[in-house]
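Below is one structure; the comments refer to it alone.
The values are calculated or read from the model by the stated rules, or taken from the named source; none is laboratory data. What you see is a predicted model, and the numbers here were worked out from it, not measured in a lab. Cβ coordinates were reconstructed from backbone atoms using ideal geometry, including for glycine residues, and neighbour counts include every protein chain displayed.
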Amino acid sequence: MGLTLSQKIIKDHLVSGDMTAGSEISIRIDQTLTQDSTGTMAYLQFEAMGIDRVKTKKSVAYIDHNTIQAGFENADDHKYIQTVTNKHGIYFSRPGNGICHQVQLERFGVPGMTLLGSDSHTPTGGGIGMLAIGAGGLDVAVAMGGGAYYLTMPKMVRVNLTGKLSPWVAAKDIILEVLRRMSVKGGVGKIIEYAGDGVKTLTVPERATITNMGAELGATTSIFPSDENTRAFLAAQGREQDFVALSADPDAVYDEELTIDLSAIAPMAAQPHSPDNVADVNEIGPIKVDQVAIGSCTNSSFMDMMKVAKILEGKTVHPDVSLVIAPGSKQVLTHLAENGALATMVAAGARILESACGPCIGMGQSPKTDAVSLRTFNRNFEGRSGTVSAQVYLVSPEVAAVSAITGVLTDPRTFGEAPVVDMPEHFIANDNMVIAPAEDGSKVEVVRGPNIKPFPLNDALPETVAGKVLIKVGDNITTDHIMPSNAKLLPFRSNIPYLAEFCLTPCDPDFPKRAQENGGGIIVGGSNYGQGSSREHAALAPLQLGIKAVLVKSFARIHMANLINSGILPLTFVNEADYDAIGMGDELVIQDAIGQVKAGGDVIVKNITQGTEYRTALTLSDRQREMMLAGGQINYIKKMNNR
């Protein structure tokens, strides 16, 4: 029996376990990336391990999230990251060099390698044939130190692409169609592999758009084969020596298969407030648009930007629309400046933002009250834009640009001849904004600003875990709900005590105060709890507030891993009807917690208030049980090192 593409890469990097779906495995990591929203914490954790120099083939730290410097905090964090990476052997991508996933794809990604990133959209690298996985910062820190990355062996899903996209239909529409069919929970525990004759019609930037938004499926990662299109992209980047042909075996067996006829897809949009709330643009109708934002790690490539420029050429942005455009990297911005496309955008009335994440994470360009905002981004969670009342739609660059001109959501197929953009034979390759680390790190002083505070560490698991239900939330609670990530809070990513004051406040403004008054407690939630960003702050802030356990119907993959890393019990209802029975303020107790965790079976949670008990699942590997008993991964590592 043959292997899928992902199974081949996993096999080549397997450190422990066997490739049986559902079992724990560990793999060797070739490359890592961090960004400044999660990176500060990752490097504080790396320092805590006492390792002098990274052990990966290449690790890169990017500054692309916290680039609005309204105070000293962001600049201090950037200086800390620059100096700590210089000391420990990590390349530093300066502010302005671009969004981590775009630059990684352009300059560092290698087919067949493994990439672990402290950002949930790290699977963008699957567009070039990498096994690229998003994780919490602590897992990335461990990988930088030479440790293996542990994960549950995923199931394999083949998405068979047939035919060819029609004019005006984009790669963004492909992944929106996948989301429409599979939902934001449909990829949990799975790797999505794209195959079929339609693959060869897609460029690497188009493939990267699709793998990028695979994160919204909840998938472990997504991947395309490495083929002649991959070779052409790498050759244009001056990196043809990095090319290797990779594909699944013809007789590979998949757990699920899905077929999509590219010629049948129409321009689509994800409606508020979920990436899987997808409908054809024509079905939604010509709603009035207030803002259009083009960019993000999903749709900021040179190809995307050139299509936008061609659409805007000779036109003027509608007077009721604010159009902002953020090229994804310095390379893209330089191309646009040299070939005149940047002037075309400006002439049409677009506002050009720096090459960074920007509006995608709520860092600037928040829409007006009750605005309709069309964005080429990957997430439209309520309030993520910085305006709670805004209605955010996710669309392709083509839909976005045309709608910016017409002032209403518009099917671009009504706009005349579609723009055609060819892949350049040579990209402008200038890595002068990437700083190589010092050869001798012992001479480098790490600079720490006053905003950098120690991160919380848990204690070993006690015999009895008890606490009140401090909050009860519903399905699809995102990490944006758990730990808001807006322009006011992002500068404090290295200050967990401050951030904890805002934990879960989008769901209940009184939650932090209640947690402090009760000395911590327990969170109860619905399905897919913790979807979205990889930010481990969504586990560290609850830890700071004394949260002992999170009891839900189901978890998103990365958030559950972050809870385990922090020593917070991630429990799921065996009987989901028990969720309905639990009330706010109920006193819950887990007796003989150590014994129950060691036993490896279900965990009995008693509701003292109601005189009932619930059977809950604690799905941990043997290694994770030891971590939970120790009070988290750092305590576990220290324990293992002291043996």
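Residue by residue through the stretch 159-177, note down the ones that are within 21 Å of Pro419 (Cα to Cα), in contact with a strand residue (DSSP E or B) (Cβ under 6 Å, 6 or more places away or on another chain) and surrounded by fewer than 24 Cβ atoms within 10 Å (Cβ to Cβ).
Gly163 - this is the single residue of the stretch 159-177 that is within 21 Å of Pro419 (Cα to Cα), in contact with a strand residue (DSSP E or B) (Cβ under 6 Å, 6 or more places away or on another chain) and surrounded by fewer than 24 Cβ atoms within 10 Å (Cβ to Cβ).
So in the stretch 374-429, with the set limited to residues that are part of a helix (DSSP H, G or I) and of a type in the set (S, T, N, Q), which one is farthest from Glu283 (Cα to Cα)? Let's see the steps before the verdict.
So the first thing to find is which residues in the stretch 374-429 are part of a helix (DSSP H, G or I), and the list is 397-406, 412-414.
From what is left, the residues that are of a type in the set (S, T, N, Q) are 403, 406, 414.
On the way: Ser403: 15, Thr406: 17, Thr414: 14 Å.
Here the answer is Thr406.
Filtering the stretch 28-42 down to residues that are of a type in the set (S, T, N, Q) and at pLDDT 95 or above, which residue is surrounded by the fewest Cβ atoms within 10 Å (Cβ to Cβ)?
Filtering the stretch 28-42 for residues that are of a type in the set (S, T, N, Q) and at pLDDT 95 or above, the one surrounded by the fewest Cβ atoms within 10 Å (Cβ to Cβ) comes out as Gln31.
Residues of the stretch 327-353 being in a loop (DSSP other than H, G, I, E, B) and closer than 20 Å to Arg375 by Cβ, which ones? Break it down into steps so the answer makes sense when it comes.
Applying the first criterion (in a loop (DSSP other than H, G, I, E, B)) to the stretch 327-353 yields 327-328, 340, 349-350, 353.
Hits for the stretch 327-353 are Pro327, Gly328, Gly349, Ala350, Leu353.
Given the residues His78, His88, which is the only one that is under 21 Å from Ile452 (Cβ atoms), free of Cβ contacts under 8 Å to residues at least 60 places away in the same chain, out of contact with any Ser or Thr (no Cβ under 7 Å at 6 or more places or on another chain) and surrounded by 20 or more Cβ atoms within 10 Å (Cβ to Cβ)? Working first, answer last.
Values: His88 fails: free of Cβ contacts under 8 Å to residues at least 60 places away in the same chain.
The unique qualifying residue is His78.
Consider only pairs whose beta carbons are under 7 Å apart and that are at least six residues apart or on different chains; among these, list those whose first residue lies in the stretch 414-443 and is outside the structural domain of Ser301 (by TED's automatic domain parsing) and whose second residue is among the hydroxyl-bearing types (Ser, Thr, Tyr) and in a loop (DSSP other than H, G, I, E, B).
Met423/Thr203
Quick test of your reading of the structure: Leu342 fulfils all but one of (1) in contact with a strand residue (DSSP E or B) (Cβ under 8 Å, 6 or more places away or on another chain); (2) on the phi > 0 side of the Ramachandran plot. Name the failing condition by number.
Looking at each condition in turn, Leu342 falls short on (2).
Considering only strands (runs of 3 or more DSSP E) fully contained in the stretch 265-326, which possess at least 3 residues that are of a type outside the set (Gly, Ala, Ser)? Please lay out each step first, then the result.
Values: elements: 268-270, 278-280, 291-294, 322-325.
Here the list reads 291-294, 322-325.
Of all residues in the stretch 564-611, which are touching a helix residue (DSSP H, G or I) at 6+ places or on another chain (Cβ under 8 Å) and among the β-branched types (Val, Ile, Thr)?
Ile564, Ile568, Ile590, Ile594, Val597, Val603, Ile604
The rows are residues; the columns are (1) hydroxyl-bearing (Ser, Thr, Tyr); (2) outside any helix (DSSP H, G or I); (3) within 33 Å of the chain's Cα centre (by Cα).
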| residue | (1), (2), (3) |
| --- | --- |
| Asp578 | no, no, yes |
| Val589 | no, yes, no |
| Lys606 | no, yes, no |
| Gln610 | no, yes, no |
| Arg615 | no, yes, yes |
| Arg623 | no, no, yes |
| Lys639 | no, no, yes |
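Rundown of residues vs (1) crowded, with 24+ Cβ neighbours inside 10 Å; (2) within 26 Å of Arg180 (Cα to Cα); (3) aromatic (Phe, Trp, Tyr), yes/no style:
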residue	(1), (2), (3)
Val321	no, no, no
Val332	yes, no, no
Ala337	no, no, no
Gly340	no, no, no
Phe377	yes, yes, yes
Ser396	yes, yes, no
Val408	no, yes, no
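Please specify each residue of the stretch 603-632 satisfying the condition of being farther than 21 Å from Asp578 by Cα and of a type in the set (S, T, N, Q). Let's see the steps before the verdict.
Going residue by residue through the stretch 603-632, those that are farther than 21 Å from Asp578 by Cα are 620-632.
Passing the criteria: Ser621, Gln624.
Out of the residues in the stretch 461-492 that are of a type in the set (A, V, I, L, M) and in a helix (DSSP H, G or I), state the one that is surrounded by the fewest Cβ atoms within 10 Å (Cβ to Cβ).
Per the criteria, the residue is Leu490.
Across the stretch 444-453, which residue is nearest to Gly238 (Cα to Cα) among those that are surrounded by 11 or more Cβ atoms within 10 Å (Cβ to Cβ) and touching a residue at least 60 places away in the same chain (Cβ under 8 Å)?
If we filter the stretch 444-453 for residues that are surrounded by 11 or more Cβ atoms within 10 Å (Cβ to Cβ), which is where we start, we get 444, 446-449, 451-453.
When the remaining residues are screened for being touching a residue at least 60 places away in the same chain (Cβ under 8 Å), the result is 444, 446-449, 451-452.
Numbers: Val444: 32, Val446: 34, Val447: 35, Arg448: 37, Gly449: 39, Asn451: 41, Ile452: 39 Å.
By that ranking, first place goes to Val444.
May I ask you to list the residues in the stretch 43-61 that are hydroxyl-bearing (Ser, Thr, Tyr) and surrounded by fewer than 24 Cβ atoms within 10 Å (Cβ to Cβ)? Step through it out loud before you land on a result.
Kept after step one, since they are hydroxyl-bearing (Ser, Thr, Tyr), are these residues of the stretch 43-61: 43, 56, 59.
Passing the criteria: only Thr56.
On the given criteria, is Pro542 under 21 Å from Met584 (Cα atoms) and surrounded by 23 or more Cβ atoms within 10 Å (Cβ to Cβ)? First the steps, then the outcome.
On the way: under 21 Å from Met584 (Cα atoms): yes; surrounded by 23 or more Cβ atoms within 10 Å (Cβ to Cβ): yes.
Here the answer is yes, as Pro542 does meet what is asked.
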